[in-house]
1. Touching a helix residue (DSSP H, G or I) at 6+ places or on another chain (Cβ under 6 Å) and closer than 26 Å to Ala8 by Cβ - does that describe any residue in region 56-66?
2. Look at Gly24 and say whether it is more than 14 Å from the ligand (Cβ to nearest atom), farther than 18 Å from Arg78 by Cα and more than 15 Å from the chain's Cα centre (by Cα).
3. Within region 27-43, work out how many residues are in a loop (DSSP other than H, G, I, E, B) and near the ligand (Cβ under 9 Å from one of its atoms).
Amino acid sequence: MSNEDQKACPNCNDACYRDAVDVGVGTIYGPWGCTCGWSEDARCDQITGSGGWQENGSYVDTAGNLYPKDNVVTQMMRAAEAHETQGASELDAVAILAKED
Ligand SMILES: [Zn+2]
């Protein structure tokens, strides 16, 4: 795509997203990423690369954001995954969160 602010995902053709930080003299962009797990940066790609859950419990999303192990977002994702894989109820997920505090 010629438009710098839009990109179609090469994996699923959905719209990608990326982070942009204005540093005064210009804008720094993070890698393009998609909710399907594809990332422009192999270190963040969750399909073929090393993105997603890391050995130390942190999480790297497809746009290059690192969520440390004890980050509240990471804890919520872990609880949501427990909900999906163990069939726990939403109340259980909240209990898991509370226990980890
Ligand atoms: Zn995609």
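Throughout, read-outs are computed from the coordinates displayed, never taken from laboratory work. Quick caveat: nothing in here was measured; it's all calculated off a predicted structure. As a convention, Cβ positions derive from the backbone with ideal geometry for all residues, glycine included, and neighbour counts pool all protein chains shown.
1. Within region 56-66, one or more residues are touching a helix residue (DSSP H, G or I) at 6+ places or on another chain (Cβ under 6 Å) and closer than 26 Å to Ala8 by Cβ.
2. yes
3. In the first step, residues of region 27-43 are kept if they are in a loop (DSSP other than H, G, I, E, B); the result is 30-32, 34-38, 40-43.
Keeping just the survivors that are near the ligand (Cβ under 9 Å from one of its atoms) gives 34-38.
Qualifying residue count for the region: 5.
For every residue, the table says whether it meets (1) in contact with a Phe, Trp or Tyr (Cβ under 7 Å, 6 or more places away or on another chain); (2) part of a loop (DSSP other than H, G, I, E, B); (3) surrounded by 15 or more Cβ atoms within 10 Å (Cβ to Cβ).
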{"residue": "Asp45", "(1), (2), (3)": "yes, yes, yes"}
{"residue": "Gly49", "(1), (2), (3)": "no, yes, yes"}
{"residue": "Asp70", "(1), (2), (3)": "no, yes, no"}
{"residue": "Gln75", "(1), (2), (3)": "no, no, yes"}
{"residue": "Ala79", "(1), (2), (3)": "no, no, yes"}
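Quick grid of which residues meet (1) in contact (Cβ under 8 Å) with a residue 60 or more places away in the chain; (2) out of contact with any Asp or Glu (no Cβ under 7 Å at 6 or more places or on another chain); (3) surrounded by 11 or more Cβ atoms within 10 Å (Cβ to Cβ):
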residue	(1), (2), (3)
Gln6	no, yes, yes
Arg18	no, yes, yes
Gly24	no, yes, no
Gly30	no, no, yes
Ala42	no, yes, yes
Gly52	no, yes, yes
